[in-house]
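S.K.: Quick one: structure below, then a few questions.
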Amino acid sequence: MNMQFPLILAASGSGAALVFAILRKPLFRVVVDLCGTADRGRSWTLYTVIMLVLSPMLAVSFATSSEAVQWGDPLFVARCTLGPF
């Protein structure tokens, strides 16, 4: 197993966790305002957090599942997250 994949997956998860840490409180306030109660706001905030963390990690997993992965490419992470350019 190539050791770059777990490192890239960890970097993706860390970036998503950072986004979550920054947006958690403002997101909760907005969702409570939209949903009407704190319980509903918590459930939708939890759902959003799960999607914020899992989506980038799944994108990296799908992007690296191909046999044509060029692990030595210095722009590999950028191509996984932004697509081909």
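The values are calculated or read from the model by the stated rules, or taken from the named source; none is laboratory data. In this text the structure is predicted, and so the values were computed from the model without any measurement. Every residue, glycine as well, gets a Cβ built from its backbone with ideal geometry; the counts of neighbours run over all protein chains shown.
S.K.: Give the residues of segment 22-42 that are of a type in the set (Lys, Arg) and over 18 Å from LEU52 (Cβ atoms), sorted by residue number.
M.R.: If the condition is that a residue be of a type in the set (Lys, Arg) and over 18 Å from LEU52 (Cβ atoms), then ARG40 is the only one that fits.
S.K.: What pairs come out if I take residues in segment 50-62 that are under 10 Å from VAL19 (Cβ atoms) and pair them with residues that are surrounded by 15 or more Cβ atoms within 10 Å (Cβ to Cβ) and modelled with pLDDT of 75 or more whose C-beta lies under 6 Å away, six or more apart or interchain?
M.R.: These pairs meet every condition: LEU52/ALA16; LEU52/PHE20; VAL53/ALA16; PRO56/SER12; PRO56/ALA16.
Yes/no per residue for (1) farther than 26 Å from LEU75 by Cβ; (2) surrounded by 14 or more Cβ atoms within 10 Å (Cβ to Cβ); (3) β-branched (Val, Ile, Thr):
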position: ALA10; (1), (2), (3): no, no, no
position: ALA16; (1), (2), (3): no, yes, no
position: ARG29; (1), (2), (3): yes, no, no
position: CYS35; (1), (2), (3): yes, yes, no
position: ARG40; (1), (2), (3): yes, no, no
position: ILE50; (1), (2), (3): yes, no, yes
